[in-house]
1. Tabulate in residue order the Karplus-calculated ³J(HN,Hα) for region A:220-232, using 6.51 cos²θ - 1.76 cosθ + 1.60 with θ = phi - 60°, rounded to whole Hz; enter x for Gly and Pro.
2. Against the longest alpha carbon principal axis of chain A, how many degrees, from 0 to 90 and to the nearest 10, is the axis of helix A:4-17 turned?
3. What number, in percent, do you get for the relative contact order of region A:185-282 if the mean sequence gap of Cα pairs under 8 Å and at least 6 apart is divided by its residue count?
4. What FRET efficiency do you get for A:Thr254 and A:Glu231 if R0 is 35 Å and r is their Cβ-Cβ distance, rounded to the nearest 0.05?
5. Pairs of Cα atoms under 8 Å, at least six residues apart: use those to get the relative contact order of chain A, whole percent.
6. Order these peptides, A:204-213, A:190-199, by their mean beta-carbon neighbour count within 10 angstrom, highest first.
7. State whether region A:190-282 is rounded, prolate or oblate according to the following rule on the C-alpha gyration tensor (a ≥ b ≥ c being the square roots of its eigenvalues): a/c under 1.5 gives rounded; otherwise a/b larger than b/c gives prolate, and the remaining case gives oblate.
8. Looking only at region A:126-166, which residues have a backbone nitrogen under 11 Å from a spot 7 Å from the Cα of A:Arg264 in the C-beta direction?
Amino acid sequence: MPELPEVETVRRMLEGNVVGRTVRAIRLSGQRLRSPISPVAVRRLRRRRIDSIGRHGKYLFLHFDGGHTLLSHLGMSGRWLFSPSPPDAPLPHVHARFEFEDGSSLRYQDPRRFGLLRVVSSDRLGHEPELRSLGPDPIANGFAAEDLAARARGRRVAVKSFLLDQRQLAGIGNIYASEILHRARVHPSRAAGRIVAREWNAIARSTRKVLLEAIARSGTTFSMYRTLWNEPGQYGEQLRVYDRGGQPCRDCGTAIRRVVLGQRSTFFCPSCQPRVTTKRKK
DNA sequence: ATCCTATCCTGTAGGC
DNA sequence: TGCCTACAGGATAGGA
C-alpha cells in the first residue's frame with residue numbers, strides 16, 4: 001500500500017512529533033509480521049530517545065540514542081499512529097506500542113502483517129539484507145536518468161515491472177509506476193531494455209515530479225493508508241490513470257485501459273502511451 | 001542472470 | 001441480510 005510518498009509523509013510527521021521523545025515502555029502483540037519481531041532486541045529501546053528519522057525507498061529508520069535503529073517497512077497495510085495522550089481506545093491489529101515518558105504514544109498497526117519491524121545497531125543498518133540490494137532513492141540527490149538506462153540495458157521485463165523492482169529504484173509501487181509512465185508517455189509493456197535515452201529522461205523527470213507532488217498532498221489513500229494522525233492522503237484526486245479503467249484520459253479523452261503485468265493491475269492511456277515509439281515526421 | 005509464479009495475511013467490495 | 005469470490009498500495013523464495 002504505502003509507496004515512497006506515503007512513507008515520506010509518515011517520515012516527516014514522525015520527525016515533527018516523536019523526535020526528542022524518550023521511550024518509557026514498549027508493548028508487543030506476539031503476532032509475527034513479515035518476520036518475527038524480537039522482543040529481546042526491542043527491549044534495547046527502553047529509556048532511549050528518538051534522535052532522527054530516515055528513509056530509503058519504502059523503508060523507515062527511527063534512529064535512537066545509544067546507537068540503535070528501528071527498521072520499519074509498512075508492507076501493504078502498515079500504519080504508524082501517534083497519540084498525544086495515553087487514554088486510547090484499543091485498536092485491532094496493533095503489533096507494537098511505544099509509550100513515551102510524556103504520556104504520548106506511537107502504535108504500529110498492520111492488519112495484513114506484511115510489514116517489518118526490527119531493531120538493529122545503527123552502524124550495521126546498511127548490512128541488513130533488505131537494504132543491501134536497494135537501488136537509489138529517486139528523490140535523493142544524484143538520481144539520474146543515465147543510471148536507470150544503464151541498469152535496464154539488455155533487460156526484457158516490461159518497463160513498468162522494472163520500475164517496481166526495488167533493486168533498480170527504491171520506492172516506486174503499483175500506483176505511481178502507472179502514473180509515472182503515463183506522465184512520461186511510455187507504454188507500460190515495453191521492454192525495459194528497449195527504452196531509449198530520451199524516454200528515460202522523461203521517465204526520470206516524471207518520477208520526481210509525480211512523487212514530489214504526491215508528497216505535497218500527503219500521499220494517496222486508496223483504502224488503507226493513513227498519516228500519523230490517521231488522516232487520508234489527498235493525491236487520489238490527482239491520479240491520471242490508476243484505478244481509472246474505462247474512464248476518459250484527462251489529457252486526450254481516450255478510455256483508460258487496465259492490463260495485468262506481473263500479476264499487478266496496470267493502467268495506461270492507449271493513445272498517449274503508444275506501444276511503439278512514434279516516429280517523428282521529417 | 002533473468003523472468004515468472006505462488007505465497008504470506010486480513011479486509012472489503014461486488015455478485016447472487 | 002448473508003455467503004462467496006476476487007482483489008488490494010509489497011516483498012521474496014523457488015522453479016523454469
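Each value in this text was obtained by applying a stated rule to the coordinates, not by laboratory testing. Bear in mind the structure is a predicted one, so any value in this text is a computation, not a measurement. Don't worry about glycine lacking a Cβ; one is built from the backbone with ideal geometry, like all the others, and counts go over all protein chains shown.
1. 10, 9, 7, 8, 8, 4, 9, 6, 4, 9, 6, 9, x
2. 30
3. 26 percent.
4. On the way: r = 34 Å, r/R0 = 0.97.
Step by step, r from the Cβ atoms, then E = 0.55.
5. On the way: 579 pairs, mean separation 51.7, N = 282.
Taking the mean separation of contacting Cα pairs over the length of chain A, I get 18 percent.
6. Details: A:204-213: 18.7, A:190-199: 15.8.
Ranking the peptides A:204-213, A:190-199 by packing returns A:204-213, A:190-199.
7. Numbers: a/c = 2.07, a/b = 1.66, b/c = 1.25.
Because a/c hits 1.5 or more and a/b exceeds b/c, region A:190-282 counts as prolate.
8. Label zone hits: A:159-166.
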